[in-house]
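What follows is calculated from the coordinates using simple rules that are stated; it is not laboratory data. Quick caveat: nothing in here was measured; it's all calculated off a predicted structure. A quick note on method: Cβ atoms are made from the backbone with ideal geometry, for glycine too, and the neighbour counts reach across all protein chains shown.
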Amino acid sequence: MKHKLIQTSLEKEVRERAKRDFFYVCFTVLILTLFSLLASVDLFEQLYHFSREHEHWEMDEITLTALWFGLGGLFYAYRRMQDLRSLLHEASDKAFFDQVSQLPNRTYSLECLTQMIHRAERLDRQVAVIFIDLDNFKMVNDTYGHAKGDLLLQSVGQRLRNSIRKSDVVGRLGGDEYLVLIELADEDELAPVLERIKLTQEEAYRLDENDLFLRFSAGVAIYPYDGRDAADLLKASDIAMYSSKISGEGHIQLYTQGMAETLYARYQLESDLKKAIQNKDFYMEYQPQLSLENDQIIGYEALIRWERKGELVPTAQFIQVAEETGHIEELGLWALHQALEDAKFFLRSDQVLGVNITPRQFRHSDFVYQIQGGLSIYGFSPHQLVLEVTESALVSEAFDDIRQKLTDLRQLGVSVAIDDFGIGYSSLGRLKDLPITCLKIDQLFTHALMTSELDRNLVSTLITLARNLRLSVLAEGVETKEQLELLRQMGCHLAQGFYIGKPTSLAQLADSVKFSSE
């Protein structure tokens, strides 16, 4: 059903033309009627005499036939007009409404925004334009298929629709993008609306008997401060949305003038990253991992590094950009091969090599074959390889598919560790059914060990949980002796952090190994 605010310029033109035509017809009939009265023309009497005089022509029958044909023609024309109205309504629905979500499409949404701006200008009010983009929705389509993805898009649209007033508008711009338009009497009305919209992310969506949490990034532009017309407001809200996406999933940001510069810097980073991937302008560093049972280095984690214009780019930053731009599979495969090649210069046969795997890499249909191929190329023992995957990778596809991939890796002899454990969405019920070997406790918990009793209890619980599941536990981010000793007392198996050793280049690591062997 159409939103009451939505009326296209074509509809206005048709309505005006219908009013004019109705006036012309009424005026013409009135003139003819007056002419007949003034001319003393008795039409029906003349028709009667005409039919009597020409009865041998059967003129009365001809006249009645013409009359019936006329009435039939009127009925036929009326029915065809009804058909035409139905066709026009269907064409209008397809032209101006999104067929997946049944929400106004881009054309209708912008038409509606234009009308809201005109009304706000007359009434001295404001209009909030909220540009929403679902985070990582391609993953849903790849995992569950486009048909299920469309059902999810319907549900998202319905939640957004239910979170605002009936007088406001929710439209789907296409893909995984939505536009929410809110009329405001003053700016104080905006915060509660944004809070309701943000809360739509907190409830899981049910899809194929799985609970799926969807996050979105949103940008907000306000008329008249951020733009005076629909095009400018859409552009400003789009920029704010991208700025929100850079900040992380699930954020909503208001547009500011400096965002355009930030977005330009982001585009430059994307461009430079693409060139760096083409030229292989990366290198690996390796951070040692310590056994708390015998104080021996049992392995290293491979960490990818990138220097851009003489400065080191934070790994999390360019990995996120690579994920969002679709380059992470190529970059991740390079890092895996480089680590396997480097390891022969420093890794002992009794040590392991940890390599990070992103959710997108893990979802690749040929992921297991890629690992198997790398091991074969470099002659690397699968028993020395530990793949570190984040919790989010374990909810990125159907559970049976995840378990099968992990089982295939274990059959190769490759171990799998859950990285940054404790900050993701994986459930304990899932965890116990997966063939993993190690839990890595996120450094956020390690850093708070000495200051927060809650975090100490949480880490202790995680260690106990892992031991009960017969998994080893590695604590990340150990920076002090006190943290190390406390973890040892808790029964933690392994530790990693600056106190044990900073990430080291291949050249330095190879030299130290050579020195120790001498």
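Under the simplified labelling scheme, the residue 106-residue 295 pair shows an inter-label distance of 6.5 nm, with each label point 7 Å from Cα along Cα→Cβ.
For a 30 Å ceiling on Cα separation, which of these pairs sit above it: 235/274; 274/502; 405/502? Violating the 30 Å limit, Cα to Cα: 405/502.
Is the shape of segment 268-516 best called rounded, prolate or oblate, per the rule: a/c under 1.5 gives rounded, else a/b larger than b/c gives prolate, else oblate, with a ≥ b ≥ c the square roots of the Cα gyration tensor eigenvalues? Taking the square roots of the gyration eigenvalues as a ≥ b ≥ c, segment 268-516 is rounded.
Using the structure shown, select from 280/440; 280/309; 138/245 the pairs with a Cα to Cα distance greater than 19 angstrom. Spell out each step's value before the answer.
Working: 280/440 29 Å; 280/309 15 Å; 138/245 15 Å.
280/440, as the Cα separations exceed 19 Å there.
The simple Förster model, with R0 at 56 Å and r as the Cβ-Cβ distance, assigns residue 204 and residue 31 a FRET efficiency of 0.20.
Quote the FRET efficiency, to the nearest 0.05, computed for residue 185 versus residue 268 with a Förster distance R0 of 45 Å and r equal to the Cβ-Cβ distance. FRET efficiency, residue 185 to residue 268: 0.65. Each peptide in 215-227, 274-286 gets a packing score, the mean of other Cβ atoms within 10 Å over its residues, and the list from highest to lowest is 215-227, 274-286.
For segment 106-255, the square roots of the Cα gyration tensor eigenvalues, ordered a ≥ b ≥ c, give a/c of at least 1.5 with a/b greater than b/c, which places it in the prolate category.
Would segment 257-369 count as rounded, prolate or oblate if I go by the C-alpha gyration tensor, calling it rounded below 1.5 in a/c and otherwise prolate when a/b exceeds b/c, oblate otherwise? Judged from the Cα gyration tensor, segment 257-369 comes out prolate (a/c at least 1.5, a/b above b/c).
Using the Cα centre of segment 268-516 as the reference point, and only Cβ charges (+1 on K/R, -1 on D/E), how large is the resulting charge dipole? Debye, rounded to the nearest 20. Show your work: numbers first, answer last.
Numbers: 23 positive and 34 negative charges, 88 e Å.
The dipole of segment 268-516 has a size of about 420 debye.
Please figure out what share of the DSSP beta bridges in segment 268-516 is antiparallel and state it in percent, rounded to the nearest 5.
40
At 0.36 nm per residue, minus the direct Cα-Cα distance, what do residue 155 and residue 365 gain on full extension? Give it in nm, one decimal, please. Numbers along the way, then the final one.
Working: separation 210, 0.36 × 210 = 75.60 nm, distance 2.80 nm.
Between residue 155 and residue 365, full extension yields 72.8 nm more.
Evaluating 6.51 cos²θ - 1.76 cosθ + 1.60 at θ = phi - 60° for every residue in segment 193-208, the Karplus couplings come out as 5, 4, 5, 5, 5, 5, 5, 5, 7, 7, 9, 6, 9, 8, 9, 6 Hz, glycine and proline recorded as x.
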